[in-house]
Amino acid sequence: MSRTKASGLLIIGGTLVGLLVIMAVFAPLLTAHDPTAISGQALESPSADHWMGTDIPGRDIFAQLVYGTRASLAVALLGASLAITGAISIGVLPALIGGRADAAAARVVVFLLALPGLPLLILIGSLAGGSNVALILMIGLIGAAPNARILRSQTLTLRQRGYITVARGFGGGPIYVLRRHVVPGLGPLIVVGFVNWAGISIALEAGLSFLGIGDPTAVSWGRTLNRALEQQSIYFSDMWTWWVLPAGLAITLAVLGFTFIGVGLEPTFNPRWARTWLRAT
Amino acid sequence: MGAYVGTILCLIVINFLVPRLMPGDPIDALVAQSSETFMFGDDSRASLEAYYGIDRPLPQQFGHYLVQLGRGDLGRSIATNAPVRDELARRLPWTLLLIGTSLVLATAVGLLAGVHSGWRRGRTMDRILLVALLAVREFPPFLLGSLLLVVFAVKLDWLPLFGGETPFSSSYSFFERIVDVGQHLLLPALVLTVGLAAGTFLLMRAGMVSELGADHLLLGRAKGLRERTLKYRYAARNALLPVVSLTALQLGFVVTGDVLIERVFAYPGLGGLIFDSIRARDYPTIQGAFLLVAISVVSFNALADVLYRRLDPRTAA
């Protein structure tokens, strides 16, 4: 029963993320408008030309929604890649080397875990001005610590296994052992960590651009919401149904998609976790 | 514990260094043509640099910064020219009210629902609670907040649309003011509560479920104890342990959620202040708010750690 439930989540999540990828790739085919160009009157209602109306200078909101997928997926991909790469270098590698390096790295992880994420992102993001590079780097850095903790404890148990002892006994260096034996052994955890952090990255980016942090000219769902809520009267007309709701739903579905994949993968990859899940449901 | 002190020291250094490492400096924003404090000429720029002390060498600046911080001086807001400390003090009670209400509500709701759900695992009520709370947890706060605003503030017109109190409400009687503040508090607190309650619920439920087959419960049942006693005094009591430290951890988490929610509801707390100062590029205020928020998050995490060790002696070993 747990099986079907997990794979059901996987299918829903996979479908959602698949749709996002399609939207991102085929964005120019889905809408004729440029999301940054003024293509109509300000604050138009939805019409055949502008499916979700226009915003204040007259940019097409549907185009912003479609092209916003690219921003979200890019942040998801970059943020998660950075987080996992960082986690491997401060969690897995030192654990393989052992000794002082491991002790020092463990301290770094504890320190990074204690850093308050969103406040730090707000500080750096707002002071970095209109650049998104610093933000994505920070999102990756924040994600390195929790993933490093999980990967490190798994590495420590892997290290005790016979085949790794043998490989080291034959003179395999830490990088060789990492590539040949540890990464495949950690594979499932890396995949789950990647997917989870991809979802969190999307939520973080949306929250930050919603607050007005980052590149003000960028096309992203959070930025669309940010502009919409600048309108004092947004809730008093039907404007919110095509300006606030679609962008908000897009963020929700994107985050849900990645979360579902993560939760769905966990039992298939981690039998121990599957048992607790079974027991808990 | 040392790690937390180290983290706080590091946050202070970050707060000092980040603005100085960024391309351009605060003076650029201050003298930019678009700013309200636009000034002409290099002389005025130099005098501003001297005024803010950023023409001196970095170590000396840091020493000065630490001395100021020690005196509780966070500098002056660029936007209002008022001391940042005063502005923070003015906003803090609103945030504490919002966070406090949500945390109490979320813990109460999460605990009760979790105990009930775990005890009656697999029943309809359990499934409904599980799916509903899991789904609602993934809802971004701004979407949930906007929907609640549309329904309760616009369509039904039961609750106010924004702010922490009605403007010029000082003429109200004491009781009227309490009702007014409560009405403004309700929706933002609800959004914050929903996100928090899910975590408490899941942990409490998992704790209850893992208690279900425990020996002491079996013994209690064999002794003929009442269901209520078994549920609350036996199972829930043991399952409560991790929830205590979760609640302290959530205090850290709730601060971040608060920033987004206050923006949606234009609530006059710290989150609203952070949003306003981002828009006004009011760096000293952003930095002051960052320091306050960051240090409280770290302190709450430390508290969670300490509580957990006190309550569960096994982890101390």
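The figures follow:
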{"quantity": "Tally, over region B:273-290, of residues that are within 9 Å of chain A (Cβ to nearest Cβ) and not aromatic (Phe, Trp, Tyr)", "calculated": "8"}
{"quantity": "Hey, residue A:136 part of a helix (DSSP H, G or I) and crowded, with 20+ Cβ neighbours inside 10 Å or not", "calculated": "yes"}
{"quantity": "Residue in region A:29-47 that is touching a residue at least 24 places away in the same chain (Cβ under 8 Å) and in a helix (DSSP H, G or I) present", "calculated": "yes"}
{"quantity": "Helices (runs of 4 or more DSSP H) contained in region A:164-245 and holding at least 1 residues under 21 Å from residue A:144 (Cβ atoms)", "calculated": "A:174-177, A:183-210"}
{"quantity": "Members of region B:58-96 found to be part of a helix (DSSP H, G or I) and either basic (Lys, Arg) or under 13 Å from the mean Cα position of the chain (by Cα) (or both), listed by number", "calculated": "B:85, B:90, B:91, B:92, B:93, B:94, B:95, B:96"}
{"quantity": "Looking only at region A:210-232, and only at residues there that are of a type in the set (Gly, Ala, Ser) and more than 10 Å from chain B (Cβ to nearest Cβ), the one that is nearest to the chain's Cα centre (by Cα)", "calculated": "A:220"}
{"quantity": "Residue in region A:101-114 that is more than 14 Å from chain B (Cβ to nearest Cβ) and under 27 Å from residue B:9 (Cβ atoms) present", "calculated": "yes"}
{"quantity": "Which listed residue, of B:260, B:303, B:251, is part of a helix (DSSP H, G or I), among the aliphatic types (A, V, I, L, M), surrounded by 22 or more Cβ atoms within 10 Å (Cβ to Cβ) and within 14 Å of chain A (Cβ to nearest Cβ)", "calculated": "B:260"}
{"quantity": "Residue, surrounded by the most Cβ atoms within 10 Å (Cβ to Cβ), within region B:97-125, restricted to residues that are part of a helix (DSSP H, G or I) and without any contact (Cβ under 8 Å) to a residue 40 or more places away in the chain", "calculated": "B:116"}
{"quantity": "Qualifying residue in region A:261-276 (condition: within 11 Å of chain B (Cβ to nearest Cβ), surrounded by fewer than 24 Cβ atoms within 10 Å (Cβ to Cβ), under 26 Å from residue A:14 (Cβ atoms) and modelled with pLDDT under 85)", "calculated": "yes"}
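The values are calculated or read from the model by the stated rules, or taken from the named source; none is laboratory data. Model, not experiment: these values are computed from the prediction. Because the Cβ atoms are built from the backbone with ideal geometry, glycine has one as well, and the counts that use them run over all protein chains shown.
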